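The values are calculated or read from the model by the stated rules, or taken from the named source; none is laboratory data. Here the structure is a predicted model, which is why all the values come from computation and not from measurement. Neighbour counts run over all protein chains shown; Cβ positions are idealised from the backbone, glycine included.
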Amino acid sequence: MTEKKFYITTPIYYVNDVPHIGHAYTTIAADVAARFKRLEGYDVFFLTGTDEHGQKVQQAAHDLKVTPQQHVDKLHQRFKELWVKLNISNSDFIRTTEERHKVLVCDILQNLYDKDEIYRDSYEGWYCTPCERFWTEKDLQEGNCPECKRKVEKIEEHNYFFRMGKYQEWLVEKIKSDPHFILPASRRNEVLGFLEKPLEDLCISRPKSRLPWGIPLPFDKDYVTYVWFDALINYISIHGSLDDIKASGFWPADHNMVGKDILTTHAVYWSTMLKAIGLEPPKNIFAHGWWTVNGQKMSKSLHNVVEPNQLADQFGVDVIRYFLLREVPFGLDGDFSHKALIGRLNSDLANNLGNLLNRTVNMMKKYFDGAVPTPGNKEEEDIGLENKAREVIEEVRTLLEELSFNKILQKIWELVDITNQYIDKTGPWNLAKTDEGKERLKTVMYNAAESLRVLGVLLFPFMPKSCESLMLQLGVSNTIEEQGMASVEKWGNLSPGTQTQKARQLFPRIEDKQAAKILAELETKSKKEDEDKISIDDFMKVDLRTGKILEAEKVKKSKKLIQLKIDIGTEKRQILAGIAESYEPEDLIGRTVIIVANLKPAKLMGIESQGMVLAASNGEKILLAGFDSEPGKGIQVR
Ligand code: ME8
């Protein structure tokens, strides 16, 4: 086995999220780095997976009336399937509910507890359930969670704490002395800024009574592990026990790749956890930027989530892989638009690269019956092309160390452009006219094809399927992995006599008319979604009021209906409600409910209903909407 090892990871994604281009972005970027390193002859381990514990999973499973395990067993597939579709070459897929992960989490917890790195203490704080986080009084904004702005609860409980604070000085020193540790540099400064305040110990447990869905603490079964403490360990649990990890040669990781949203948990929690465990921090934590869509944050409520499956079906997997890494410098924020994607597809991929391949293969057929000729003496233009290729290869290698994917692609496109110019300048169509020219034509066509082979190798990590097709058209039978980066170090690895194949468009252009149609369809879709929304004026038309139930009786011959008499302050109304399977009539009397008071009367089972009572159904039971305390009757609800 090779001595050179390379280990790269993505975050493990929350299993209950619908995968979108943000998740795809990180995973594609990690895939490109992994594929490059494989071409360089490294033994590569590339890890991704899903984060499956925590409150949100428990809540979602409860709502669906399945166990949390059943829920995550189903949901994690969406990520697995997407990675297959996007041609992601991960070595493994870790799920935090797997035994192999839980074993190491427990070992580490016990080990740190035995070493007094974890202690028990009482804790009082403001807890935000949706964010699963405690906040101090001063963190709160107008009494609410500073992150999601929702209501928080004051909770006092005993918990377990990791002595994170004691590693503060070590961490600051590590970040300052190792400029490669946190990248890009702007993010490093952000972490140093965070570390200017005293670093507190980290609460790593949650009482089981409040949150049962997690890994139980091995030394106190009344608690489960805080999701972040559990999740971060995935990067090492994949390699087995602590001894296995050390022996694997895959730790420290070369890159823990994350989005900027989770840099602190990685730079601070993860690095100090590793220090306490007795392992090195990763060689690099790279925090890339954030994608918005047409200037807006992606969110389900805005209906603007860009779905990678759909995008790949519409434009092709490699186009998406290329676009995401070409459009924005890795580390900065970017804005996604279909228009920009179509623009890049047409200009960079179809016109520049696709056309270069197409005309080269067609001319090879025309002038040499498809057989790559033996090149003759080199002239200045040939040497210029070779030198350019060498320069590009060297730069690509350097740029990869800092994961500068968009600069790598820009650099590779310099070779695409120079090769196109080389063909234009040498003019094979003129050379073919004379005997002397025909000799020169051999060199020109050989060089054009060799340059394309180099491009195929360099671009393979970004667009694997298209580059395989490119090689096939050039007639090269070795796979790109077999050829490797070693095959482009010296010019001239393409064997003369290689039989090129029929030319095929690598990237069909999207013509203006078709592009306009696609963009118009997207616009109509988003307009329709906007139209489906109601304005505040529409909402104000609904007269919602409180009412007190005076009488209630089951409607004869109906399983569901109860006939109610409700006092709404100004008058008494007869209203039918489909709640008989969840409520007994006698329990309803005296209760305050919310009703729609300006609904047109309707007849149900021959009885007139003069309004509607608001209720929610969770599939199991119907629950009447109500209030924490008695508001009185006839009050407007807004
Ligand atoms: O944070 N732009 O999981 P998560 C760019 N489970 N990248 C984006 C993005 C966007 N709009 N949206 C998401 C978690 N990402 C934890 C991680 S790791 C031990 C635990 C990417 O599902 C980006 O990589 O919220 C970000 O860091 C990650 O998805 C967050 O995924």
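Restricting segment 473-482 to residues that are under 14 Å from residue 457 (Cβ atoms) and surrounded by fewer than 19 Cβ atoms within 10 Å (Cβ to Cβ), the residue that is farthest from the chain's Cα centre (by Cα) is 478.
All of 249, 193 fail the test of being surrounded by fewer than 23 Cβ atoms within 10 Å (Cβ to Cβ), away from the ligand (no atom under 16 Å from the Cβ) and without any contact (Cβ under 8 Å) to a residue 40 or more places away in the chain, apart from 193.
All conditions but one from (1) surrounded by fewer than 16 Cβ atoms within 10 Å (Cβ to Cβ); (2) among the polar types (S, T, N, Q); (3) more than 32 Å from the chain's Cα centre (by Cα) apply to residue 514; the one that does not is (3).
Residues that are on the phi > 0 side of the Ramachandran plot, touching a helix residue (DSSP H, G or I) at 6+ places or on another chain (Cβ under 7 Å) and not β-branched (Val, Ile, Thr) do not occur anywhere in segment 357-366. For segment 367-396, a residue qualifies if it is part of a helix (DSSP H, G or I) and in contact (Cβ under 8 Å) with a residue 40 or more places away in the chain, and the qualifying residues are 367, 368, 381, 382, 385, 386, 389, 390, 392, 393, 396. Of all residues in segment 8-26, those that are more than 18 Å from residue 89 (Cα to Cα) and in a strand (DSSP E or B) have Cβ atoms under 9 Å from Cβ atoms of residues that are modelled with pLDDT under 95 and more than 6 Å from the ligand (Cβ to nearest atom), 6 or more apart or on another chain, in 14/54; 14/56; 14/57. In the set 579, 562, only one residue is in contact (Cβ under 8 Å) with a residue 40 or more places away in the chain, of a type in the set (Val, Ile, Thr) and surrounded by 11 or more Cβ atoms within 10 Å (Cβ to Cβ); that residue is 579. Note on segment 309-348: among residues that are in contact (Cβ under 8 Å) with a residue 24 or more places away in the chain and of a type in the set (Asp, Glu), the one that is nearest to residue 86 (Cα to Cα) is 318. Just wondering, is there one or more residues in segment 62-73 that are within 9 Å of the ligand (Cβ to nearest atom) and farther than 18 Å from residue 461 by Cα? No, because not a single residue in segment 62-73 is within 9 Å of the ligand (Cβ to nearest atom) and farther than 18 Å from residue 461 by Cα.
Within segment 321-348, the set of residues being outside any helix (DSSP H, G or I), over 16 Å from residue 293 (Cβ atoms) and aromatic (Phe, Trp, Tyr) comprises 330 only. Considering segment 253-303, the residues that are part of a loop (DSSP other than H, G, I, E, B), in contact (Cβ under 8 Å) with a residue 12 or more places away in the chain and of a type in the set (Gly, Ala, Ser) include one that is nearest to the ligand (Cβ to nearest atom), namely 289.
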